[in-house]
Amino acid sequence: MTGDAERVQYVPLHPEAAAAQPAQRLPFDISKLSVKGLVIVCELNDPPPGNSMPSMSMKMTQYVRLSDDSLIRLDMDRGVDSFRYGSTEPISWKRTSADVVSEVLTLVQADDPEPGSFSWEEYARAARLRGISVAAEVLRDLPHTVLLSDELAAKFEF
């Protein structure tokens with residue numbers, strides 16, 4: 001194909017829609033929404049720079065789920081790097097999903113001296129910084145959801 005046959009044109013399916021005004025954002029009143037859960041999104045992360053050993057890095061981003069199903073990010077991100085030393089065979093990071101979820105829940109806990117405890121007040125404070133009013137006692141009773149990206153699930157060989 002040469003000339004005009006190679007030229008690509010955009011033609012709207014409904015020409016009247018092309019002349020319409022762009023959608024306007026509506027005001028969002030977060031104070032009218034309630035928190036209905038905590039969500040931890042786990043993704044494969046870039047390995048540490050300068051690392052030559054087999055490694056796997058995971059980042060964990062924490063959110064509160066609101067009653068309209070929106071997610072509001074809390075500034076409480078965590079991460080973990082795993083290394084394999086002295087391996088001469090192909091590396092397998094295979095783990096069960098239950099093991100991964102258990103590890104994620106351990107890693108997102110506050111750096112408290114008491115193992116196995118979440119700092120619910122820290123979560124409530126992070127939510128308040130986002131304009132979400134929720135008590136630590138309420139957060140304690142809400143469901144937790146751990147979501148793993150497709151890339152991470154493939155790395156763990158689920």
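The values are calculated or read from the model by the stated rules, or taken from the named source; none is laboratory data. Keep in mind it's a predicted model, so treat the numbers as computed, not measured. With ideal geometry, Cβ positions are generated from the backbone for all residues, glycine too; neighbour counts draw on all protein chains shown. These area figures cover heavy atoms from the full protein model, side chains too; ligands, DNA and RNA do not enter into them. Shrake-Rupley method; radii C 1.70, N 1.55, O 1.52, S 1.80 Å.
Here are the numbers:
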item	result
Of all residues making up segment 120-158, the number that are closer than 18 Å to Met56 by Cβ and assigned to a strand (DSSP E or B)	3
Enumeration of residues in segment 140-150 that are touching a strand residue (DSSP E or B) at 6+ places or on another chain (Cβ under 7 Å) and modelled with pLDDT of 90 or more	Leu142, Pro143, Thr145, Val146, Leu147, Leu148, Ser149
Tally, over segment 78-103, of residues that are under 15 Å from Ser57 (Cβ atoms) and among the aliphatic types (A, V, I, L, M)	3
Scan of segment 25-70 for residues that are touching a residue at least 24 places away in the same chain (Cβ under 8 Å), open to solvent by 40 Å² or more (accessible area, probe 1.4 Å), farther than 16 Å from Ala124 by Cβ and in a loop (DSSP other than H, G, I, E, B), ordered by number	Pro47, Asn51, Met53, Pro54, Ser67, Asp68
